[in-house]
1. Check each of the trypsin sites (Lys or Arg not before Pro) in the range 228-272 and keep only those in coil by DSSP with at most 14 other C-beta atoms within 10 angstrom; list them in order.
2. When all C-alpha to C-alpha distances in the range 267-310 are sorted into bins of 10 Å, what percent of pairs does each bin hold, rounded to whole numbers?
3. Would you mind telling me which residue in 36, 55, 380 has the biggest mean-square fluctuation in a Gaussian network model of the chain, where springs connect alpha carbons within a distance under 10 angstrom?
4. List, largest first, the extents of the alpha carbons of the range 39-193 along their principal axes, each in whole Å.
5. Ordered by residue, what ³J(HN,Hα) values in Hz, to whole numbers, does the range 285-290 give under the Karplus form 6.51 cos²θ - 1.76 cosθ + 1.60, where θ = phi - 60° and Gly and Pro are x?
6. Based on the alpha carbons, how large is the Rg to Rh ratio for the range 163-264 when Rh follows Kirkwood?
7. Count the net charge of all other residues whose Cβ sits under 12 Å from the Cβ of residue 163, scoring Lys and Arg as +1 and Asp and Glu as -1.
8. List every residue whose amide H lies under 5 Å from the amide H of residue 326, counting only residues 5 or more places away in sequence or on a different chain, with H placed 1.01 Å from N in the peptide plane.
Amino acid sequence: MKVLVINAGSSSLKYQLMDPETREVLAKGLCERIGIDGRLTHKIPAKDAKYEFEIPMPTHAEAIQSVLDALLSSEHGVIKSASEIDAVGHRVVHGGEKFASSVLITADVMAALEECIPLAPLHNPANITGIQACEKVMPGVPMVAVFDTAFHQTMPAKSYIYALPYEYYEKDKVRRYGFHGTSHRYVSARAAAMLGKPMEELKIITCHLGNGSSVAAVDCGKSVDTSMGFTPLAGLPMGTRSGDLDAGILEYLMNKYGYDMKEMMNILNKKSGVLGISGVSSDFRDIESAAEGGNQQAAMALDAFRYGVKKLIGAYAAAMGGVDAIVFTAGVGENDARTRMAAASGLEFMGVKMDAEANNVRGKETVISAPDSRVKVLLIPTDEELMIAMDTAAIVNG
Ligand code: AMP
């Protein structure tokens, strides 16, 4: 079976054509500058080949068409006919309270996705546009929506309710939703497989640490708490996002500097996080080299981030009444041994003992805790595309 996985943004679109059974990625790539001019980067992993094209992409429909043309090309294609694509899996950021799992896309589902737009005004419209473009270019091919929020719909009310007047939840759906759900679900399932135990017997803390970061408490296979909230702005300090802060700060700064809400949100989303503290970069590699060179603010940014992860690990172990495994994933979690070590050290009191040598590794599934650590600490590269392809195959095959 071949599944085309689509992750549509407002002016970009990532794709992967893969076989969810063999897990082989036949081709993958990226359309950029949609609505501006249009650029396609197309890769064939088996040949280690990369192709770049300038193709006009006034809308997402031309972008999808260019992806299809690349997949079918006699020179750099990987399939002979469009009918070889059995299904399309779409990443959708927000499913609100309506979607607790992936779904086959129907007219009713599209209407429900439209209703979720106010919850993710930047992301959901682009996801919907991607779906509509595929419907236009590949009519009749079954499509599945896989939501970033769905995995966290199992959170109990005590985890998701904000201490605001209840009407804002009832009327306006203001609550914690959580994001990165596809990644937390994938790595928690892989952790159970690595430990050779059923999910139903495990308490796992999954740390998705990338440009955006979130931590989740996964008890018996179900998300019971997570650090992102109503929006992906909450929780840990991130590359450029502030993470949690005292809402009183907004009023203070807005009054003092005359910012309107748009300017304030731009600061919180784009100028804060480890970039804001360090003043150096949003990229952990740059911040680490600055810290090594003696930059105190860079060192402070790293400390604040790592301390934030450690606090969440402690909180979620308390929330679940214990922890069997801690997983690190995503760009920072998979590559940055020092961040993993700092976040998971000093936790011997709760049975976590890191192994410095085992932790000196990047980007592969492995155990990084000491052999006598009661809590296993694991490095597991995330694969959201594979999870989307697997969900799509499972739903389409009934
Ligand atoms: P992601 O959002 O999961 O793609 O993660 C991207 C982030 O991972 C980058 O912005 C970097 O901060 C971080 N990253 C990637 N490679 C490394 C590395 N070798 N060491 C530290 N951080 C890294």
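Rule-based calculations on the coordinates, nothing more; no lab input. The model shown is predicted, which means the values in this text are computed figures rather than measured ones. Glycine also receives a Cβ, built like all others from the backbone with ideal geometry; neighbour counts cover every protein chain displayed.
1. On the way: sites: 241, 256, 262, 270, 271; in loops: 241, 271.
Here the trypsin sites (Lys or Arg not before Pro) that fit, given the DSSP loop and packing criteria, are 271.
2. With a bin width of 10 Å, the distribution comes to 34, 55, 11.
3. Of 36, 55, 380, the most mobile in the Gaussian network model is 36.
4. Result for the range 39-193: principal-axis Cα extents of 60, 39, 27 Å.
5. Along the range 285-290, the couplings run 5, 5, 5, 5, 5, 5 Hz.
6. Rounded to two decimals, Rg/Rh equals 1.10.
7. Result for the neighbourhood of residue 163: +3.
8. Under 5 Å from the amide H of residue 326 lie the amide H atoms of 205, 376, 377, 378, each far enough along the sequence or on another chain.
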